Structures are given as C-alpha cells and as structure tokens.
Amino acid sequence: MVRTFTRTITTPAAARMVRPGSRPFLSLLTDFGSRDPSAGIMRAVVLGICPEAAIVDISHDVEKYRVRDAALLLWSAAPYLPVGAHVAVVDPGVGTERRAVAMETARGDHLVGPDNGLLMPAAARLGGIVRVHQLDSPQYRLPVISSSFHGRDIFAPAAAHLAMGVPLEFMGPAIDPRSLRMLDWPEPQVHPGVLVSSVIYLDTFGNVKLSALVGHLFGAMGQLGMGEPVFVRVTDAQGTSDLELNWVDTFGNVPPGQALVYEDSYGRLTIAVNQGSAAELLSLREDAEVVITRLPLPPVMGDQQWFDPSLMDPSRMDPSLMGPAGYDPNAGYDPNAGQWQQTPDWLDDGRGPSPDGSEPVWSPPPTPEPDPTAR
Amino acid sequence: MVRTFTRTITTPAAARMVRPGSRPFLSLLTDFGSRDPSAGIMRAVVLGICPEAAIVDISHDVEKYRVRDAALLLWSAAPYLPVGAHVAVVDPGVGTERRAVAMETARGDHLVGPDNGLLMPAAARLGGIVRVHQLDSPQYRLPVISSSFHGRDIFAPAAAHLAMGVPLEFMGPAIDPRSLRMLDWPEPQVHPGVLVSSVIYLDTFGNVKLSALVGHLFGAMGQLGMGEPVFVRVTDAQGTSDLELNWVDTFGNVPPGQALVYEDSYGRLTIAVNQGSAAELLSLREDAEVVITRLPLPPVMGDQQWFDPSLMDPSRMDPSLMGPAGYDPNAGYDPNAGQWQQTPDWLDDGRGPSPDGSEPVWSPPPTPEPDPTAR
Amino acid sequence: MVRTFTRTITTPAAARMVRPGSRPFLSLLTDFGSRDPSAGIMRAVVLGICPEAAIVDISHDVEKYRVRDAALLLWSAAPYLPVGAHVAVVDPGVGTERRAVAMETARGDHLVGPDNGLLMPAAARLGGIVRVHQLDSPQYRLPVISSSFHGRDIFAPAAAHLAMGVPLEFMGPAIDPRSLRMLDWPEPQVHPGVLVSSVIYLDTFGNVKLSALVGHLFGAMGQLGMGEPVFVRVTDAQGTSDLELNWVDTFGNVPPGQALVYEDSYGRLTIAVNQGSAAELLSLREDAEVVITRLPLPPVMGDQQWFDPSLMDPSRMDPSLMGPAGYDPNAGYDPNAGQWQQTPDWLDDGRGPSPDGSEPVWSPPPTPEPDPTAR
C-alpha cells in the first residue's frame, strides 16, 4: 500500500478552478543559513532567468551537512507544493565527482540537486521517478562553475529553465535511475505488539519525530484509543530510560508541560510536550532508538540485548495488542496509513503513479530491513 | 481619540497611482521557526490556490507560544500592509475546541487565525471589525484537517481564497464579534506626572518596548524637550532599580553605549542603548514594571508599595510636570498621539472607520484599567 | 585590470531570451533580524507601491551594526542580481545628519541606502557610479518620517518608485559622488612571495573569508597547483599561530575534519575545514591578520615585528615562488583575476562601464595602500 500524491493537495474549491498560464513554481531548500547571501543569490539567479517565477523557500536553515534532515523536510513538504521545480541542496560533496541531477516525477515535478540521496524520499512520494538527466549542458548553467556553490551555478539555473518549460533532456544526458545513490534511512521495524524505531528529527518546537509513521504503530499494535497509554523505551549512548505516555491527537489535550505521543500533521509518530520542548525535557536526541509497546517492557539488566525478538513471539502475545495480519510496514514511504483512507477521489485517483502506463516509472526500492541483531 | 488607519500608509505619489487589477496581497506571521518547513508549506498552499498572490512574511520567528508578541508585531505592521488577507498563527490551543476565524476590518482587510486574541489589536488598528465568520466550510480547507497544523490546513487556504475574492460568508457561519476572545494586554496607567507601564517586547537589537505609547507619556507629563532627563524605576522579581535616562529622538543622538528613552518608529515608548542591547546592559526583562517620572521617586523601603498613588496627588504637584487636562490614555490602541497630528488628509480621512455608515463596525472594547492595588 | 559586471551574470540560454516588460526587481539587505517585523514591513511597503515587484531578500541577519559585513554580502551578490533597485540598510547613524542616497550604476541598477560606505564596493563592482541623488522629496517617502526606521519610511519607498521607472532625479537634489563616504576596507598587501591580509567575514559554515582575492595570492606567489602547501601565520590579540594548509579547489578534496585554503565561489581567499567550522577549530576571528607564504616564516621572537619587509627582498628570493611582474593587486575590487579569464564575450563585453562614453562614470577610488610599517 504505497500511497503517492499524483495530484497536488489543495482545497476542493481550488481544484475546480481553471487557471491557464499559471506562474512557474519553484521551491528552494538548503543548509545555507539565513545570514549569508547564498539563498538570496539563488532566488536572484532564478528570477534573472524566469522573472515570473513564484518561489517558495521551504527552509535554508537545515542543520549543516544533514542530508537526511533535508530529505525529511522535502518529503514533508512535497505533496503541498504546486507542481514545479524543486531545488534541494545539502551537498557536502560539492565539487567532487558526485553528479548533479534533475529528475522528473510521475506527478510532473522536477527535483533538482546533488545525487546524494537527498531527493529520493520526495521522489517516491510524488509517484516515483519517470526519468533522470545529468546537469551538464553549458547552455543552462552560469558561465563559470565554482567548485563550492553549485546551488547558484548549476541547480538554480537548471530549475529556472525547467520551470519555464525547457525539456529535461536539454539539461544533459539521461541517467539510469538505478544508478542514483540511495539515502541511509532508518526503516522502522514492526513486530507483533512492538514497534522499533528511532529519532530522526527534532523540530524547532522540540517535538521529537520518529522514523515510524502512525501506520507502523497501528500495524504493530492496532488502533489506539484517545488517551490510551503506551510504553516507550529510549536507548542512546547515555543509557536506557522508560516513559509512559498517552496517545492523544494534539498538544492541547494534555495539560501544559505534560508529554504525549501523537500523529504529527504529516502522519509521522511524534513525541511532544504541551507548550514545552520534549527534546529538552525528556533528553531525546537524534538517532536514539525508541521501542514502543502497549505493556511495560521488562527492565534492562547488565549488557542484555535491549530488544529480544524471542520475547515478542506472536504465539505468546495477546492478539488484542497486535496489529492487523498482513500489514507490510516496509512497503515504502507511506505517510498516511489510516488517516488518509478517507481521502476524497479527486485528491488521489488511486490509479497509481502512471495513469495511462505510457511512461515507465521507477520508484526507489524500499531500503532493506535492518538486521536487529547487528548493532 | 482613537486613530485608525482606514487607508494604507503609502507615499503621496503611490496614493495617486491608478492600478486596476492589483495582485492579491497576503501576509503571514507565525511562531513556526525558519528551520522547519511549516512556513514554506503555508506559502506553497497559498500559491497553489492563488498563484498570483504577493506574499509577505512578517515573521516566522515569534517566540514559541507568545500570542501577545505576535499580536504586537501584527499591530505594528498592519498600517503598512497593503489591504489583503493577513494570516497570524501562534496557536497553543490548536486541535482543541478554540475556533478558527476570519474577520473583515473596516479598512477592507481580512484577518485570519485562531480565536485567541492574537488578531484583536490589529483589528482595532485597521478600523474595527465589520464581521467575523468561522472557518468550517470544507470547500475552502485542505481535504484532511490535521490536529496540529491548522496554518496549513485551514488558515492559509482560507486566506488564499479570501485574497482571490471569495466572499467571507462562504467560509462558514457568522460569529458575534462580542464572543471573540480578548487578549490579555497590559494597559499603561497615566497619572498626573507619573506613567506606570511594563515591558512588553525585547526586539532583536535589544531595544526594550513598553506597553505605553508616547501619547501616554506626554499625557502624564506633557511634551518633553530633546535631551530632557526622565527617571525610570524598574521592578521585577529580582528587585527594584532606578535609572536616569535622556529623552532623545534617536540612538545616534547619544554616544555609543549610552542608554536613552525614545519614541520608536511605531509611536511606542522604548528604552535603548546606542549600538548596544538595552535588554542586556540594563537587565530588562519582559513584564518588568516600569514607572516613569520627571523627578526622582523616593527610595523603596521594606515591603513598601512600589507605587503610592497618594504621593501623586495632582494638587500637590508642579503643574508644569503634568500632561494636558482631559487626556484619556485608555481610549484604545492609539499609537500616534502627538506625532501623527500632522498626518496629511489623504492618509487618514478622519471620517472614522465606516465612512458611509452602511455597515455596523465593532471595535474591541478598551481593556479595563488594571487595579494598581492588586498585585 | 578592474573587471566590472555591466551585464547580469546569467545562463547563455537566458541571455538570448527576449523578455519585454519584465517585472521590476528589488533586493533587500539589512541587519533587522528575522524575528522582528521590520524586514517584512519593508517588503510590504514596496509591494504597496509597486505590486508587480519581484523582491529578493539577500539577508536580514547581518550582524547588528556591521556595515562592512553588509558591504561584503552586497558585493558578493551584486553580479548575480537582475538589474533593479537594491536596498541595503545597516545604519547606526539613522536619524542623525547622515544622508539618505540613491546611486545609479553603470550597469543600470539603483543602489539605495544610507551614505555610510555600505553601498560603495557593490557600486564599483557594477561598473561605477553614474550619478547620485539625495532622497528628500516628500512625494516618494512615507508621509511621516520616523527617527529610527528609514528602511521603511525612506529607502524602501524610494527603491519601489525607482524600480517602477520614476527617474532618479525626482528623488531629490544631485550629490557630488566624491562627497560620498568611503568604507574602511582592509586592503590586502601583495609582496614578492608574501601576501598580507586579514579575516573579514566568518560565514555560517564557519568558513573564514579573507580580505584578499585569489588574484592577490597568485600575484604574490604565482599559480598554485592542486594540493600544494602554503604557510599561514595568524596574529590577533591572543597571539600568533602558524598553520600549514593545502591549496585545493573544494572541501570534498580533503578528508572530513581537515583544514584547507581555497578560492570561494566569489573569487575570495578562504580558509575552511571539510564538514567543520574553520572559525571554531582554528580559533580564527574577524580582523585577525593573516600572512601567507610558500615557505615557513621564521618563528616570532620577543616583541619582534611580525612582518619584516626586508626579509622579503625579491632579490634574495626564489623567483619561482613569486608572482608575475607588473601585477597591481590594488587596482580596485577585482574578484576574478585568474578564474574569469575564460569569461565568454557575452558576459562582459570588455568595453568598460560606459560603452558609448555618453555618461560620465565615477568609480570609488582604490583605497590607499596601507603602510606596512605603521601598526
């Protein structure tokens, strides 16, 4: 059940509007920071090529060099962006032989950036990759290419031309999508009654985002009722701690200062504190391992393995604490299990990413399930 | 003397220009931060509905959950914003039963956000509220409403449709404006010769903004001449301190490093340090009480009440240190007493917020004067 | 060899496009910060006057009061900005008698801001100043001028009118460009085999930008091969330290954590650490003096002068370590010696800033070469 977004998410009223000749749309996402002029220069380069462009800055304050953070933010934003050219640059390998690429997605967008995995989750969410070209035609780059600012010299110009309608194949030679670099993405593990996940992002409110989506949680333990308790074991370099949290639908449903688990607005499992920072108050850091169960886990002893799959033998567990049979949590980036079931027809036509089958569509394969014994 | 802005503040030259079919204008103000993608997603949702929109970000770095800060920033910006739809979201109650609303102001703007008081000072400044509707028509929302990101799912879509000309009443049922929640706003107290106020905002320069406008100060002690000294007593949890500052019109008129009191560019009483941070150098914090006089106050002794109104008996005071008789400092949000008296006709026609009387206009009532004996 | 940019730097494909009636372009650069509403208010004021404007924010997070930082950022961005009106406001003297000005450059831009030197490097880079006018016509200002926010009241309105085509002379009386204030800019000194420079900016990655351009380095010691070592002596208030760094073309060409010297994407000499902060790891601060040589300098002893020009007598040095004869490193702001030699014709027509000689063009004079014996 890979659900992708082959139409832009917008209001029913807007979806019925006829708007010929809409402005070209671009989005920008970098780790360039807001103090330096780099992000503004990219916008200026785009407008110098495509003066009518509507440009949205998703963020320029991604933590430096964190490709995975940027990939998550782009994945989050993608379904809400108008179809257009989306540039993402977190690029520690700039100036080396890593490739500069532009991909066409099944939804009709162009994703533009370095070939370091950054674009892959968003590509999958926009229906998969139809084709990829390398960016090396000098016609669509600035005349001199620096060794450290390809956002200005290569990516922004390519996106501006693509947004104006220049065909993707003009940018350079085609690339086999299977040669694209994948992202190192921590895939959650769904076991009967147990969800094993990890912290992937701390947002500016201090909310703690997990690698698991709410569908993974429900896959492991079935639907949770409002206010039901869950048990959360967190393990990082500092040790192990156990939390008991309530499953609620929003901050305001617990008193200020109290922690909670909820589904964030992108379908992601998130630990938060009402009007406080969960990251700080619960000392949660990125990449900490998080195990969620409905019953308390036995205490950790000595150098015992933190998670013993044999304890989780389904035949020994209460079926009411497990998720539905046949759930495949590793089928891909699926933000919307559960909630989006009620998606109206016009939002996602359900026909999959390539409606008429006229174009081959390649989706990044699911990352292999991690080996829980290898730590 | 409530002075509101029923015309946009712009240049004389621009006010004479004929510009049919101007672009729809929207502004955004949130506490979502610049690292996360939330603000960019709101912009993208607006452009997906209204591609021609001109969008201005007032700020996305309001301190988390500080509704009053955001209300102050919106109040500051409002007269300078083109008429349009203005979205403000600092919303600790998101997902609970607090209402989502859009108001039409007498100037013709739409203010869009949660019903938590955030929009009220700006509404008053734009001439008062003509009507209010709740945002619950599914036609003008995203198809699935999350429990924690109404900026994306409800407010940005509503504002985009309003900016395009969709009538306010299409958004949902009308609400009685008197049912709107008011903001807890610290109203300054003007006494003969004494102004009692408090710190409401520290800006990024470290300038310390008070709840009082310059009109309040002049109401208490008459016009001040350039360089005249005033005495400032600050009381907070740490204790009481006394300052002697000069009243000047701008930073550059005292040496670098020296403190001053001046009227900021919005008509607000402000304590600053030339090329330094007054907040830091004078240890001033939000909500500290600030008493301003022309003569030094007697020292504080024991647990003596910090401000004794009997000391301020007008009959015992030098009339030259008091403001004009009949001044009503609590008549509402009045940023411009004094300075704006020279406002040219075309800026504010003086006819009040509803020129032809065809529409009932409701303004938020002045907040009641606080009881100085209740602390 | 002063190389200026009388055409916008863009792609070959875009340079051939015919685009009549392009949108007016403005850029904004301030130290107003992203939390306060000031930057957003400037954008709103521009759009209230010129609704079709395409506005790019270069940065609003320049460190407070640092005129030189802002001048560097504007110099960096200028060649990449479409021709338009560029507003820069870092203005500790606001409200005093410093003048508000708008300059026309040979490229056709308008630079708008305070007369405190901030605009001068960008003016030189855009071909020099054709004419300057003071901003004092009330027709093109907001009706009331505050004493502390001329960005809103004077500069943004002037730029918006200029972008729409209002003639510069309508803004106020002409000023003799020679009366403009120059910026205190640390000019590097090129000696045979030795480059004496200083740190002028630390970017958000912690990269350490020097006052010297790569042309200065090559002028002192000839072209450097990829990976060649250079010796760097840093002197600041904390003392003197010596570094041996490799000259490479980008971060990715040394292992993570290793320091390097490279030419940044604006032609500027820069010290960096791959995936780390050179400012932090090497304890480099703004205004530290940096001496670069190909051979180790003798150790510093006692209160010996840190740089003894007699040691650098060309007749005693290996000619292979020196730059080409006749190089004039102080000929002006020359970002592109070396690299830009291959600039295609259409980018810079080589005819200098005033092709037909019809308009007198004034360029800021080169700052005088500092006296290396005066410290």
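The values are calculated or read from the model by the stated rules, or taken from the named source; none is laboratory data. As the structure is a computational prediction, the values presented were derived from the model and not from experiment. FYI the Cβ positions are ideal-geometry reconstructions off the backbone, even for glycines, and counts take in every protein chain you see.
At a glance:
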quantity	calculated
Qualifying residues in the range C:194-236 (those that are small (Gly, Ala, Ser) and not in a loop (DSSP other than H, G, I, E, B)) - the one farthest from residue C:265 (Cα to Cα)	C:220
Residues located in the range C:20-51, provided they are among the charged types (D, E, K, R) and at the interface with chain B (Cβ under 7 Å from one of its Cβ atoms)	C:35, C:36, C:43
Hits in the range A:101-130 - residues which are within 19 Å of residue A:157 (Cα to Cα) and either among the charged types (D, E, K, R) or touching a Pro at 6+ places or on another chain (Cβ under 6 Å) (or both)	A:104, A:109, A:115
Contacts under 7 angstrom Cβ, first residue in the range C:43-57 being buried (at least 24 other Cβ atoms within 10 Å of the Cβ), partner of a type in the set (S, T, N, Q), 6 or more apart	C:44/B:27; C:48/B:8; C:48/B:10; C:49/B:10; C:49/B:11; C:56/C:27
Candidate set from the range A:168-185 (those that are part of a helix (DSSP H, G or I) and either modelled with pLDDT of 95 or more or of a type outside the set (Lys, Arg) (or both)); member that is nearest to residue A:75 (Cα to Cα)	A:177
Candidate set: the range A:94-103, residues that are surrounded by 18 or more Cβ atoms within 10 Å (Cβ to Cβ) and modelled with pLDDT under 95; chosen: the one nearest to residue A:54 (Cα to Cα)	A:94
Hits in the range B:34-81 - residues which are part of a loop (DSSP other than H, G, I, E, B) and farther than 16 Å from residue C:39 by Cβ	B:35, B:36, B:37, B:50, B:51, B:52, B:53, B:63, B:64, B:65, B:66
Residue within the range B:5-13 that is without any contact (Cβ under 8 Å) to a residue 60 or more places away in the chain, more than 21 Å from residue B:157 (Cα to Cα) and among the charged types (D, E, K, R) present	no
Selection status of residue A:153, without any contact (Cβ under 8 Å) to a residue 12 or more places away in the chain, within 14 Å of another protein chain (Cβ to nearest Cβ) and buried (at least 19 other Cβ atoms within 10 Å of the Cβ)	no
The range B:212-253 - residue that is modelled with pLDDT of 90 or more and of a type in the set (S, T, N, Q) and, of those, nearest to residue B:199 (Cα to Cα)	B:235
So residue A:162, is it touching a helix residue (DSSP H, G or I) at 6+ places or on another chain (Cβ under 9 Å), buried (at least 18 other Cβ atoms within 10 Å of the Cβ) and part of a strand (DSSP E or B)	no
Some residue of the range C:107-116 being buried (at least 24 other Cβ atoms within 10 Å of the Cβ) and farther than 25 Å from residue C:145 by Cα	yes
Odd one out for residue B:133 among (1) in contact (Cβ under 8 Å) with a residue 40 or more places away in the chain; (2) facing chain A (nearest Cβ under 9 Å); (3) surrounded by fewer than 24 Cβ atoms within 10 Å (Cβ to Cβ)	(2)
Residue within the range B:92-104 that is acidic (Asp, Glu) and away from every other protein chain (no Cβ under 11 Å) present	yes
Positions within the range B:58-82 being more than 9 Å from chain C (Cβ to nearest Cβ), of a type in the set (Gly, Ala, Ser) and in contact with a Gly (Cβ under 8 Å, 6 or more places away or on another chain), in sequence order	B:71
Per-region count, the range C:136-157, residues within 25 Å of residue B:275 (Cβ to Cβ) and not in a loop (DSSP other than H, G, I, E, B)	7
Qualifying residue in the range C:100-109 (condition: in contact with a helix residue (DSSP H, G or I) (Cβ under 8 Å, 6 or more places away or on another chain) and without any contact (Cβ under 8 Å) to a residue 24 or more places away in the chain)	no
The range B:237-278: number of residues that are in a strand (DSSP E or B), surrounded by fewer than 20 Cβ atoms within 10 Å (Cβ to Cβ) and among the polar types (S, T, N, Q)	3
